[in-house]
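Reading through the structure tokens given below for one structure.
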There are 2 protein chains.
Amino acid sequence: MNNKTPFKPLYQEVQQAITHKIIAGEWKPGEMLPSEFQLADMLGVSQGTVRKALNALGESNVVYRRQGVGTFVSENTLKDMLFHFFHYKFNDGSERGLPTAKLIKMRLIKARGKIKEELALDHEEKVVEITRTRLIDRTACISEKIYLPLRYFDGLDQEGGLPNSLYHYYQEQFQITINKASDKIRAVIANQTDNDLIGVALGQPLLEVSRVAKALDGKIVEYRISRVDSEQLHYLVELN
Amino acid sequence: MNNKTPFKPLYQEVQQAITHKIIAGEWKPGEMLPSEFQLADMLGVSQGTVRKALNALGESNVVYRRQGVGTFVSENTLKDMLFHFFHYKFNDGSERGLPTAKLIKMRLIKARGKIKEELALDHEEKVVEITRTRLIDRTACISEKIYLPLRYFDGLDQEGGLPNSLYHYYQEQFQITINKASDKIRAVIANQTDNDLIGVALGQPLLEVSRVAKALDGKIVEYRISRVDSEQLHYLVELN
DNA sequence: CAGTGGTCTAGACCACGCT
DNA sequence: GCGTGGTCTAGACCACTGT
């Protein structure tokens, strides 16, 4: 008879409804959402149901909640991004300044092979390739190659410079909020390019971190390969 | 006046009370806890408060909950452990058999330097040093050095062999449940020992993962250094 | 069918941040 | 003091699992 109705809890509907409004731009990054009771009235459910939905959205960093203040759409600010998406620490345990970035090259290419595959593209679309180095306290320690489908970042290739926090820039300029990512970490040997870009000796071991990042709506919007000076930095993972 | 009462929610008290009973062995790994209503009666709070506490314990993997069945104390079974604490994947994307382990050496040493430091020991205590390799489909791909304070693992040095899933073994033999860990990932160059243990060529890049693991009560109980053949495996991190 | 966790509601009250 | 999220309670009902 196949009479299976998968059953979807009401709070998940509410969660989706709110998410869609955020994606649609009804509430923009940094803005405050209506209170729990107002949302409950708007959506015709009880306050407890809205609460559960908002807490779930808080868990996945779509919004953040502050007691006594309100619920706000998450911003990809540099500080938050460091916490969520930047897990490099100094080997000696020292805390230093915020990382900056130096743009080396930006060009338009066609996505082929691994780039096309990792970005899950059907065709050989145009993508922007960004090459840059990251510096902490003026010392270069990471080189990055970043691939962005031009489809999502129209006009990006015309830009002259880029800010330190790309994710915040994506959000402000292109209404793309990075929300999830997965990092594949491998060990590689430094080549001449690494020597040129971050000054590591040829033959030295490096971490190569290959990241695929997704926006709020689940679409893959960025592929990024970082090569990290392992003599200076390590990658830290907390397992709970 | 300094009349600050930090305010501790009731459900956190409940959470701690339940955690303590689990640590004390009142409910053992794999056993079912009383139902929400029974716990509520026992502790003199409402069912909703118990629910919030149990869900929090579920989040941190102290218990797991199954609708229609019950709430159970988590077991460090091989399958769960792989999901939580084993994040190595094959570079070619293939899924293969479960990892096995081959014991190379076990000896008793005094904790000094980095070992003492990472295990947060005050004195040069005795620790068990375990050297083993891990194999997937009979191919060696990881070598591990594991350091365990003898204080927590009394008699371990007398054992002849060890099972594949150490964490399950800690739990069954020593009533120690591994609950949290942090991994520091670096890149290194294979040396003669790596060549002997996992057959990687000298000079090849490896991942070195240095893990500190904590038990339910928060105590550091294990320090482990893994050296991973990066030609075969990578370390995968999901950022949400 | 009995028992468990999961959802949803309604209402009271508390803690917090801002003004 | 006001408005916000956070806690706690009580009760009804639903969905899932195993017997």
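Given the options B:Ile176, B:Ile198, B:Ile189, B:Ile225, name the one that is within 14 Å of another protein chain (Cβ to nearest Cβ), in contact with a strand residue (DSSP E or B) (Cβ under 6 Å, 6 or more places away or on another chain) and buried (at least 21 other Cβ atoms within 10 Å of the Cβ). Before you say what the answer is, go through the steps one by one.
Values: B:Ile176 fails: within 14 Å of another protein chain (Cβ to nearest Cβ); B:Ile189 fails: buried (at least 21 other Cβ atoms within 10 Å of the Cβ); B:Ile225 fails: buried (at least 21 other Cβ atoms within 10 Å of the Cβ).
So the residue among B:Ile176, B:Ile198, B:Ile189, B:Ile225 that is within 14 Å of another protein chain (Cβ to nearest Cβ), in contact with a strand residue (DSSP E or B) (Cβ under 6 Å, 6 or more places away or on another chain) and buried (at least 21 other Cβ atoms within 10 Å of the Cβ) is B:Ile198.
Say whether the condition of being free of Cβ contacts under 8 Å to residues at least 24 places away in the same chain and buried (at least 17 other Cβ atoms within 10 Å of the Cβ) is met by at least one residue in segment B:207-215. Working first, answer last.
Restricting attention to segment B:207-215, the residues satisfying the condition of being free of Cβ contacts under 8 Å to residues at least 24 places away in the same chain are B:208.
Restricting the remaining residues to those that are buried (at least 17 other Cβ atoms within 10 Å of the Cβ) gives B:208.
Yes, because at least one residue in segment B:207-215 is free of Cβ contacts under 8 Å to residues at least 24 places away in the same chain and buried (at least 17 other Cβ atoms within 10 Å of the Cβ).
With the requirement that a residue be within 26 Å of A:Lys52 (Cα to Cα) and of a type in the set (Asp, Glu), what does segment B:46-86 give you?
Of the residues in segment B:46-86, the ones within 26 Å of A:Lys52 (Cα to Cα) are B:46-74, B:84.
Across segment B:46-86, the qualifying residue is only B:Glu59.
Quick one: B:Ser60 ticks every box in (1) away from chain A (no Cβ under 14 Å); (2) touching a residue at least 24 places away in the same chain (Cβ under 8 Å) except a single one, so which number is it?
(1)
Scan segment A:159-197 for residues that are closer than 27 Å to A:Glu231 by Cα, at pLDDT below 95 and of a type in the set (Gly, Ala, Ser) and jot them down.
A:Ser165
Filter segment A:134-157 down to the residues that are at pLDDT 95 or above and of a type in the set (Ser, Thr, Tyr) and list them by number.
Those that are at pLDDT 95 or above and of a type in the set (Ser, Thr, Tyr): A:Ser143, A:Tyr147, A:Tyr152.
Given the criteria at pLDDT below 95 and of a type outside the set (Lys, Arg), does B:Thr5 qualify?
Details: at pLDDT below 95: yes; of a type outside the set (Lys, Arg): yes.
In short, yes.
Name the one entry in A:Arg186, A:Arg227 that is assigned to a strand (DSSP E or B) and in contact with a His (Cβ under 6 Å, 6 or more places away or on another chain).
Values: A:Arg227 fails: in contact with a His (Cβ under 6 Å, 6 or more places away or on another chain).
Only one candidate qualifies: A:Arg186.
Of these, B:Leu216, B:Leu233, B:Leu202, which one is under 21 Å from B:Lys102 (Cβ atoms) and not polar (S, T, N, Q)?
Numbers: B:Leu216 fails: under 21 Å from B:Lys102 (Cβ atoms); B:Leu202 fails: under 21 Å from B:Lys102 (Cβ atoms).
B:Leu233 is the lone residue from the list that is under 21 Å from B:Lys102 (Cβ atoms) and not polar (S, T, N, Q).
Mind listing whichever residues of segment A:43-80 are on the phi > 0 side of the Ramachandran plot and near DNA strand D (Cβ under 8 Å from one of its atoms)? Please lay out each step first, then the result.
Filtering segment A:43-80 for residues on the phi > 0 side of the Ramachandran plot gives A:44, A:61, A:68, A:70.
If the condition is that a residue be on the phi > 0 side of the Ramachandran plot and near DNA strand D (Cβ under 8 Å from one of its atoms), then A:Gly68, A:Gly70 are the ones that fit.
The values are calculated or read from the model by the stated rules, or taken from the named source; none is laboratory data. On a predicted model such as this, the values are computed, not experimentally measured, just so you know. For neighbour counting, all protein chains shown are included, and Cβ atoms are generated from backbone atoms with ideal geometry for every residue, glycine included.
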